[in-house]
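Input: a single structure, listed below in structure tokens.
Values quoted throughout were computed directly from the atomic coordinates according to the rules given, and no laboratory measurement underlies them. As the structure is a computational prediction, the values presented were derived from the model and not from experiment. Neighbour counts run over all protein chains shown; Cβ positions are idealised from the backbone, glycine included.
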Amino acid sequence: MFSELTFNIIMRMVGGKRYYGEDMKDVEEARQFREIMNEIVKLAGASNPGEFVAVLRWIDHGGLEKKLKGLAKRMDVFLQSLVDEVRNKEEEGNTIIDHLLSLQKSQPEYYTDQIIKGLRW
């Protein structure tokens with residue numbers, strides 16, 4: 001429950017949305033976010049034998065790098081949809097993404113979407 005509360009607080013500040021508990025606007029998006037977070041937590045503590053034996057890295061023993069690349073793509077797509085949704089809102093909110101997108105208007109070469117997505121938690 002504590003981790004769900006923490007993720008809700010972080011995501012309310014970042015994107016203005018709840019992904020745990022009640023009062024969720026988009027249940028499918030919340031499910032996708034929870035799956036991504038569960039996989040991140042699971043893979044964060046995984047050891048990679050390829051870091052110790054180079055031959056194992058070449059063959060991706062255990063498939064850890066493949067899983068991490070797939071997770072990175074899913075997270076990138078999810079964050080891009082969050083940035084696009086905030087960008088297309090009619091009224092401006094008071095979230096971190098709102099503030100970064102307003103900075104993007106004044107300095108587009110520095111505050112690219114890649115930078116905004118990279119500044120997550």
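Per-structure values
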{"item": "Longest segment of the chain lacking trypsin sites (Lys or Arg not before Pro) that sit in a DSSP loop with at most 15 other Cβ atoms within 10 Å", "result": "26-88"}
{"item": "Part-to-part distance (alpha-carbon centres) for the range 74-104 and the range 1-43, which is given in Å", "result": "16"}
{"item": "Degrees, to the nearest 10: 64-87 long Cα axis against longest axis of the chain", "result": "0"}
{"item": "Fraction in percent of alpha-carbon pairs per bin - 5 Å, the range 39-110", "result": "3, 13, 17, 14, 11, 9, 10, 10, 8, 3, 1"}
{"item": "DSSP-assigned coil residues among GluC sites (Glu not before Pro) in the range 1-97, each with at most 11 further Cβ atoms within 10 Å", "result": "GLU22, GLU90, GLU91, GLU92"}
{"item": "Neighbourhood net charge (14 Å Cβ-Cβ; Lys/Arg +1, Asp/Glu -1) for TRP58", "result": "-1"}
{"item": "The chain, relative contact order [Cα under 8 Å, separation at least 6], %", "result": "24"}
{"item": "Quotient of C-alpha Rg and 2.2 N^0.38 Å, computed over the chain", "result": "1.26"}
{"item": "Exposure proxy order (Cβ contacts within 10 Å, fewest to most) of PHE2, PHE7", "result": "PHE2, PHE7"}
{"item": "Fully extended contour minus Cα-Cα distance, from ILE115 to ALA54, at 0.36 nm per residue", "result": "18.8 nm"}
{"item": "In degrees, nearest ten, helix 2-14 long axis to first principal axis of the chain (Cα)", "result": "50"}
